[in-house]
Each structure stands twice: as C-alpha cells, then as structure tokens.
Amino acid sequence: MKLRFISRELWRSLKYLSLLFLALFITILLAGNPSSAIAQQPFQEIRGVWMTTNDNDILSDRPKLQEAVSQLAQLNFNTVYPVVWNSGYVLYESAVAQRTGIQPFVNKGLQGQDTLAELVDQAHHQGLLTIPWFEFGFMTPPTSELALNHPSWITQRPNGSKTWIGAAGEVVWLNPFHPDVQQFITDLVLEVVTQYNVDGIQFDDHTSLPYEFGYDRYTLALYKRETGRNAPANPRNPEWVRWRANKITAFMTQLNEAVKKKKPNAIFSVAPNPYDVAYKTYLQDWLAWVRQGIVDELIVQVYRPDLPSFLGQITRPEIQEAQQKIPTGVGVLTGLRNKPVPMQLIQSKVHSARDRGLGVTFFYYESLWDDAPEPIAERQSNFQSLFNVPAERLAMR
C-alpha cells in the first residue's frame, strides 16, 4: 500500500515536471525567434517590397531583374508589388489604355521582353508572389492624355478648381462615381489579372478621393437624384462624407466581384493610409471593406518619422481588428530620393510590427540598399538578420 502511494505521487510529480519543462522550452524557443509573434495569428507573414517607377531601370533590364529577385529571395522576402498604373499611364502593354487614347508608358524591356511577364516568371521561379500595384488609383496629371482626352471624367472642388498638390506633384482626380471612370479602371484591372499570371492586384491610398472634391456636375446631380437634396456646401458635412465614401465602397465591392469572377483565387489587396486619415481626408472607408469581406490582404502605410508615432499607429484598434480576419501588415519607409532612412530605425519598426503579429512591406526597392546611408553589404546583412528564416506565402492561384 505504501509503495503504491509513493509511485502515484512520483508519477504525478514527473508529469508536472515534464509539462513545466515543455512550457519552458517553448518559451525559450519563441523568445529567441524574432518572428515568434507571428505564431499568434494563423496567417502567412507578409514580407514585401514595392517596386516603383524609380526602379524601372531594374524592371526593364533582364539581368538586373534576375539579380534583384534572386537577392530578395535569398533575404527571405516573399512578395513583390510592381507598379502598373502611374501618372495616367500603364507600365505594361495595354489594349484597354490604347482604346482610351493612352499610349503605353513602357513598350518592351531592353531585351525586347514584356517587363511585367518577366517579373512574374522570375518571382515565381524564386518562390515570391507578384501582386501588381495600381499606385495612382483615381489620380492623373492634368497634362496626361487621360485628363486631356476625357475632361468630363475629372471632378472638382466647390469653387470649380480641379488641381490638387500632393506627394506626386500636381494632379487632377478622376471622378470615382462616374460610370465611365469605373468601367475604365475595372477594364484595366481585369486586363492585368487575365493577361498575366499574377497572384493578385493591389490598390492603395489613391483609390479614393480627397474630401473637398465631388462638386462636379455629374456627382451633384447624382446626389440630388438619390437624396432629394443639394450637396452641402461644406465638404466635411458628415452625411456628404458618408454618401461619397459609401459610393467608393460600392465600387470596390463591384471591382472585387469582377476580379474574383475572372480569377477566384486572386488576392485583392489594399494599402491605405491609417484609418482616421483615410476616411476623413480621402473618403476611403477601408475598415468597411475589411468587415464586408472584400479585402484579402491589408497593408497600412505607416510612414512615420520616429518610432513612438509609428507605434501609435500600428496599435490602433482598426489594425487589430483587421489582423483577426486577414493577413495584415504595415508599410515601412526605407527611404526616398535625397531622404535616406537609417537602418537602425527600419529595424526598430520591423521588430515592433512583427512583435505584434504584423507583416511588413517596404517602400521602395531602390531604397532598400542601393540608395541608402549605409553600405550595400551592411544593409543586406541587416535585412538578412530581420528575416533569418523563410516565411513562404502560398499562392492562391
């Protein structure tokens, strides 16, 4: 009897100790892995980079492109977002653009290749997803063929002014409520999705409209017809803001349905500003898009100049809500022309994002290491330490 009692107690003690050691082992393992927080959410980690028109010399030259994609793969990136719509021009061969009176911005690569098709092939060969990026959304320069050929597509402020100054310089805004504009953007998007073996399509903060616009003849008539009232003179009127934001949401819903009909597994990605700015300033209610299930991936552009302000944005409840539903990341600025960003700040932001279960996408490729304050080898080594193990993203195609 006594021996049996001791054996039972000993067995219980051993069981308790084994569970304790197991918990301790897991804790140590996770603490030593910078991507440990990713285990808190079930989605694949986003490790991406935007490729802009500044990177065109790389995109158009096959050897440079091969080297760039290979380097990204070696550093355990998993997604590239190449620009295909910028300044009123497409950066691939587009029958849709030509029918609209727009000449192609890029005809062929230096070796005669289709540059977007070449990037898709190279990226897939190296295990990276390719999600083309409609950078300019509804923006276009006032001197572009698009603006000059289709003046009725341009919206305006209450005082009749049409131009707007932003990071991209002077632009005008296509009216996102006009059916011809909606059809044009839809046709461009479907052309990319069907003509190329891409993994999805991405829209950013310019698939929107600054709050002071929408006072063109077409939109005012539409609002009067639907509400029975004249549009408020105050562009910040809450009902007027909501009506216009809902119209953009309705268009994005239709666009999502059109993309999924052509390519059901295409990733419908959005990369907006933080929500408060996106909605109040640009009528872009991306949180509603997430809640309505029309977004497959969210990357919030958090280009803050210091870590405290960066942390203040990535801990917002809207981001926390989104990351419970879909793969979610943040945009991290790695530098601009004549405005490099030190690697130490980049590392701090990446660690902060990943500690909270968020992926990252960098803006933009050339500033990763080619145009940076530190030597190329040092920058690449630092990125290698950030992503020291692979994080494969499975293609939906």
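The values are calculated or read from the model by the stated rules, or taken from the named source; none is laboratory data. Note that the structure is a prediction, hence the values are computed from the model and not measured. All Cβ positions, even for glycine, are placed from backbone atoms using ideal geometry, and neighbour counts span all protein chains on display.
Considering only the range 109-117, I want to know if a residue exists there that is crowded, with 17+ Cβ neighbours inside 10 Å and touching a His at 6+ places or on another chain (Cβ under 7 Å). No, that holds for no residue.
Can you report the number of residues in the range 92-113 which are under 25 Å from the mean Cα position of the chain (by Cα) and either at pLDDT below 90 or more than 30 Å from V332 (Cβ to Cβ) (or both)? Selection size over the range 92-113: 7. Among the residues of the range 158-195, write down those that are over 17 Å from H206 (Cα atoms) and charged (D, E, K, R). If the condition is that a residue be over 17 Å from H206 (Cα atoms) and charged (D, E, K, R), then D180, D187, E191 are the ones that fit.
Among the residues making up the range 218-265, those that are among the hydrophobic types (A, V, I, L, M, F, W, C), free of Cβ contacts under 8 Å to residues at least 40 places away in the same chain and over 30 Å from D199 (Cα atoms) are L220, A221, A231, W240, W243. The residues of the range 254-278 that are part of a helix (DSSP H, G or I) and either over 14 Å from V290 (Cα atoms) or more than 18 Å from the chain's Cα centre (by Cα) (or both), listed by number, are Q254, L255, E257, A258, V259, K260, K261, K262, D276, V277. Considering R316, R337, R291, the condition of being touching a Lys or Arg at 6+ places or on another chain (Cβ under 9 Å) and either more than 21 Å from I131 (Cβ to Cβ) or crowded, with 22+ Cβ neighbours inside 10 Å (or both) is satisfied by R291 alone.
Just a yes or no: is a residue in the range 208-217 assigned to a helix (DSSP H, G or I) and either surrounded by fewer than 22 Cβ atoms within 10 Å (Cβ to Cβ) or at pLDDT 95 or above (or both)? Yes; the residues of the range 208-217 include at least one that is assigned to a helix (DSSP H, G or I) and either surrounded by fewer than 22 Cβ atoms within 10 Å (Cβ to Cβ) or at pLDDT 95 or above (or both). Counted as qualifying within the range 78-195 are the helices (runs of 4 or more DSSP H) with 3 or more residues that are under 29 Å from L394 (Cβ atoms) and of a type in the set (S, T, N, Q), namely 179-195.
Being over 27 Å from T249 (Cβ atoms) and hydrophobic (A, V, I, L, M, F, W, C) is a property that does not hold for A97.
Quick grid of which residues meet (1) of a type in the set (K, R); (2) in contact with a strand residue (DSSP E or B) (Cβ under 9 Å, 6 or more places away or on another chain); (3) at pLDDT 95 or above:
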residue	(1), (2), (3)
L146	no, yes, yes
P151	no, no, yes
R157	yes, yes, yes
S161	no, no, yes
E170	no, yes, yes
L174	no, yes, yes
H178	no, no, yes
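Among the residues examined, S385 qualifies as of a type in the set (S, T, Y) and closer than 28 Å to H125 by Cα. Run down E257, E321 and say which single residue is over 18 Å from I46 (Cα atoms) and surrounded by fewer than 15 Cβ atoms within 10 Å (Cβ to Cβ). Only one candidate qualifies: E257.
Residues in the range 141-200 that are closer than 17 Å to A221 by Cβ, polar (S, T, N, Q) and surrounded by 15 or more Cβ atoms within 10 Å (Cβ to Cβ): T155, Q156, N175, Q182. For the range 367-397, a residue qualifies if it is assigned to a loop (DSSP other than H, G, I, E, B), out of contact with any Leu (no Cβ under 8 Å at 6 or more places or on another chain) and not charged (D, E, K, R), and the qualifying residues are A372, P373, P375, N388, V389, P390, A391, L394, M396.
Pairing residues of the range 73-87 that are on the phi > 0 side of the Ramachandran plot with residues that are part of a strand (DSSP E or B) and hydroxyl-bearing (S, T, Y), at Cβ distances under 8 Å and at least 6 apart in sequence or on separate chains, gives S87/T140. Filtering the range 228-253 to residues that are surrounded by fewer than 13 Cβ atoms within 10 Å (Cβ to Cβ) and either touching a helix residue (DSSP H, G or I) at 6+ places or on another chain (Cβ under 7 Å) or in a loop (DSSP other than H, G, I, E, B) (or both) leaves G228, R229, N230, A233, N234, R236.
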